[in-house]
Amino acid sequence: MRETTTPEQASRKDGAQVSAVSLGGLPYRPAHAAETAPVVLRLDKVGVSYGDRPAVQDVTMDIYKNRITALIGPSGCGKSSILRCLNRMNDLIYSAKVTGSVYLDGVDINGDAVDPVQVRRHVGMVFQKPNPFPMSIKENVAFGPKRQGTSGRGRLKETVEKALRSAALWDEVADKMDQPGTALSGGQQQRLCIARVLAVRPEIILMDEPCSSLDPVATLKIEDLMRELARDYTIVIVTHNMQQAARVSDYTAFMLASEHGLNGRLIEYGATNEIFTNPRDKRTEDYITGRFG
Amino acid sequence: MTALFGQAARNQRLDWLQKFVFGVAFLTTIVVCVPVIVVAVYVISHGASALSWDFLFEGPARAGREGGFFPVIVLTMYALVLVIIFAVPVGVLSAVYLAEYARPGRLLRLINLTIINLAGVPSIVYGLFGAALFFDVIHTKQALWVASATLAMQALAIVITSSREALLSITPGIREGSLALGVSKLRTTFFIALPQAFPGIITGSLLAVSRAAGETAPILVVGAIAATNASLRPDAIINDRPQMLSYELYYRITEGLGLADERKWGLALVLLGIVLVLNVSALLLRIKIQSMGFEKRN
């Protein structure tokens, strides 16, 4: 690590006093001094490498309950890699190696005694490309609960309807529950995937660029839905769309890599309005004002 | 003007070249189809007159010169069912391991190479190996079972390869989608991956079985070895000789008992028919499953 300017130095662009709590040499401060919500996820020096290439390192941040936290940054900065650490999806990539700790309600989810399958029941995930199962709409939503032992036609039906209502999809699909999920429009498919996650009642929902394959109208619907869902769930979203982060999130983390896919770092993390109106780091400012990325 | 004219002339030349290349491609395709059609027409025209209710559903009389080949047809079906029972579960499970669980690396590459070579082993070698294994090591006398198990070994390669391809070609996001719901890998494999790969698995299995139906060399070896220790019990025909269609056909062609040509061609036609029915049903089943709408991908 031969950096000439540490992030700490770079962040003092205006010489202002930084009231940062320094953790692992990173500029770190409580995302919002007035935050009263409890911390549900704590990332402590989290890093991911693929083979011997460190994709992202030293990410330390707290994620608050019932808040929407956005991870932004140019592509290749490791934001998706970090997101996948939060429900151990990186376990599925053979070359991926995760370092550091992720605490879910105080328990390190990478611990030996922890079953990744259980982690994913608490931390659900919605993917970039809508990926409904090749089954009916009803079966798509019932799939998770069924596999986890919910039985009985009535209870399943209730669970499915509730999930679809929460995902703001019920009115559009109520009369075609037996049609294949793949026959829906892109935006509907994505909301179906959200309903599918809601049906297993996670605490946290991770969204990996959930709108990148959708048109603007469908995107707005998903964003409205996210605000709605934040009442009951904690949401972490990766987005390359800064306007989306600004519109939808409470907290924003800006990440940046030294080169594409290598040595990504958390540059700045804070309340979204502060990040967008008064960034402390020059690089954050450059990014959000569109000077690069 | 000249430039335009020149351009037009060049396009005409290109046009001509294109027509020529695709014309040749079309001709080669036709040439490939011709033997198949000629064989089918020839077998049908020579054998169709032998076909009758008795030919298909009666036992032989006067050493096969009269009557029918019902026992042979039934034994062939029986053997093919055995091939399915022996080859498909093992093959699909191997494919599941290779596609879903095996860690990529040198060992996996070695296993894949072995399986590809499994398909390349000459069938007579399988016959010899099967006969040696089952008659000499396991000491069974059930020739039909031995023939089926031998054919199954050969069918395995096709079942594994096609099932693995089917599993690997399902949309990867779907597997992740299930895992991200907190569904275990085992359940994801059985409830998501296998159902979606099902058409491919069925097609591959049926094609493997249709290959086995027409396979002759391994059965000849098994049959020849079985004949040397065949008993004269009344049930000997079922137990001690792999009396399947291809074997029967070979036996009828080479024996000097003066079976009418028409009856030999009739037998060939029945064999061809079974293979065609298997192939066509593989195709239809695939279309049928796909049209159920659950196969549709975006």
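The values are calculated or read from the model by the stated rules, or taken from the named source; none is laboratory data. In this text, all values refer to a predicted model and were calculated from it rather than measured experimentally. Using ideal geometry, Cβ is built from the backbone for each residue, glycine included, and neighbour counts are taken over all protein chains shown.
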(request) Would you be able to say whether some residue in the range A:174-194 is of a type outside the set (Asp, Glu), under 27 Å from A:Leu43 (Cα atoms) and either under 20 Å from the mean Cα position of the chain (by Cα) or within 14 Å of chain B (Cβ to nearest Cβ) (or both)? (result) yes
(request) Could you figure out which of (1) in a loop (DSSP other than H, G, I, E, B); (2) within 30 Å of A:Ile288 (Cα to Cα); (3) free of Cβ contacts under 8 Å to residues at least 12 places away in the same chain; (4) not charged (D, E, K, R) isn't true of A:Gly149? (result) (2)
(request) Could you list all residues from the range A:72-97 that are surrounded by fewer than 19 Cβ atoms within 10 Å (Cβ to Cβ) and not aromatic (Phe, Trp, Tyr)? (result) A:Pro74, A:Ser75, A:Gly76, A:Asp91, A:Leu92, A:Ile93, A:Ser95, A:Ala96, A:Lys97
(request) Could you please give the count of residues in the range B:25-58 that are loosely packed, with under 12 Cβ neighbours inside 10 Å and not small (Gly, Ala, Ser)? (result) 15
(request) Give just the number: which of (1) farther than 22 Å from A:Gln128 by Cβ; (2) at pLDDT 95 or above does A:Gln189 not satisfy? (result) (1)
(message) Against the conditions (1) closer than 23 Å to A:Arg121 by Cα; (2) touching a residue at least 12 places away in the same chain (Cβ under 8 Å), where does A:Arg165 fall short? Just the number, please.
(response) (2)
(message) Can you pull out every residue in the range B:145-165 that is among the hydroxyl-bearing types (Ser, Thr, Tyr) and surrounded by 24 or more Cβ atoms within 10 Å (Cβ to Cβ)?
(response) B:Ser148, B:Thr150, B:Ser163
(request) Select from the range B:166-178 the residues that are assigned to a helix (DSSP H, G or I), among the aliphatic types (A, V, I, L, M) and either within 8 Å of chain A (Cβ to nearest Cβ) or surrounded by fewer than 22 Cβ atoms within 10 Å (Cβ to Cβ) (or both) and list them in ascending order. (result) B:Leu168, B:Ile174
(request) Could you check the range B:191-298 for helices (runs of 4 or more DSSP H) lying wholly inside it with 1 or more residues that are at pLDDT 90 or above and touching a Ser or Thr at 6+ places or on another chain (Cβ under 8 Å)? (result) B:194-214, B:261-291
(request) Kindly list the number of the only condition in (1) within 12 Å of chain B (Cβ to nearest Cβ); (2) touching a Gly at 6+ places or on another chain (Cβ under 8 Å); (3) of a type in the set (A, V, I, L, M) that fails for A:Leu86. (result) (2)
(request) Scan the range A:125-146 residue by residue and report those that are of a type in the set (A, V, I, L, M) and either assigned to a helix (DSSP H, G or I) or under 25 Å from the mean Cα position of the chain (by Cα) (or both). (result) A:Met125, A:Val126, A:Ile137, A:Val141, A:Ala142
(message) Within the range B:179-206, take every residue that is within 7 Å of chain A (Cβ to nearest Cβ) and over 29 Å from the mean Cα position of the chain (by Cα) and give me the one that is nearest to A:Leu198 (Cα to Cα).
(response) B:Leu181
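Go through A:Asp105, A:Asp112, A:Asp62, A:Asp91 for me and flag whichever is facing chain B (nearest Cβ under 10 Å) and at pLDDT below 95.
When all the criteria are applied, what remains is A:Asp91.
Considering only the range B:139-151, I want to know if a residue exists there that is under 30 Å from B:Ile170 (Cα atoms), without any contact (Cβ under 8 Å) to a residue 12 or more places away in the chain and within 20 Å of the chain's Cα centre (by Cα).
Taking every residue of the range B:139-151 in turn, none turns out to be under 30 Å from B:Ile170 (Cα atoms), without any contact (Cβ under 8 Å) to a residue 12 or more places away in the chain and within 20 Å of the chain's Cα centre (by Cα).
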(request) Return the total of residues in the range A:90-112 being more than 22 Å from A:Tyr64 (Cβ to Cβ), touching a strand residue (DSSP E or B) at 6+ places or on another chain (Cβ under 9 Å) and aliphatic (A, V, I, L, M). (result) 3
(request) Inspect all residues belonging to the range A:53-70 and state whether any of them is over 30 Å from A:Arg247 (Cα atoms) and without any contact (Cβ under 8 Å) to a residue 24 or more places away in the chain. (result) no
(request) Of the numbered conditions (1) within 14 Å of chain A (Cβ to nearest Cβ); (2) surrounded by 15 or more Cβ atoms within 10 Å (Cβ to Cβ), B:Leu75 fails exactly one; give the number of that condition. (result) (1)
(request) Considering only residues that are on the phi > 0 side of the Ramachandran plot and in a loop (DSSP other than H, G, I, E, B), look in the range A:100-124 and name the one that is surrounded by the most Cβ atoms within 10 Å (Cβ to Cβ). (result) A:Asp105
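More than 14 Å from chain A (Cβ to nearest Cβ), part of a loop (DSSP other than H, G, I, E, B), surrounded by fewer than 19 Cβ atoms within 10 Å (Cβ to Cβ) and not hydrophobic (A, V, I, L, M, F, W, C) - does that describe any residue in the range B:118-128?
Checking the range B:118-128: at least one residue is more than 14 Å from chain A (Cβ to nearest Cβ), part of a loop (DSSP other than H, G, I, E, B), surrounded by fewer than 19 Cβ atoms within 10 Å (Cβ to Cβ) and not hydrophobic (A, V, I, L, M, F, W, C).
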(message) Name the single residue that is farthest from B:Ile115 (Cα to Cα) among those in the range B:79-95 being surrounded by fewer than 16 Cβ atoms within 10 Å (Cβ to Cβ) and not β-branched (Val, Ile, Thr).
(response) B:Pro89
(message) Please pick out the residue among A:Pro134, A:Pro145 that is within 14 Å of chain B (Cβ to nearest Cβ) and more than 30 Å from A:Arg42 (Cα to Cα).
(response) A:Pro134
(request) Output the qualifying pairs, or none if there are none: Cβ atoms under 7 angstrom, residues six or more apart or on different chains, first residue in the range A:103-117 and within 16 Å of A:Glu203 (Cβ to Cβ), second residue of a type in the set (Ser, Thr, Tyr) and part of a loop (DSSP other than H, G, I, E, B). (result) A:Val117/B:Ser184
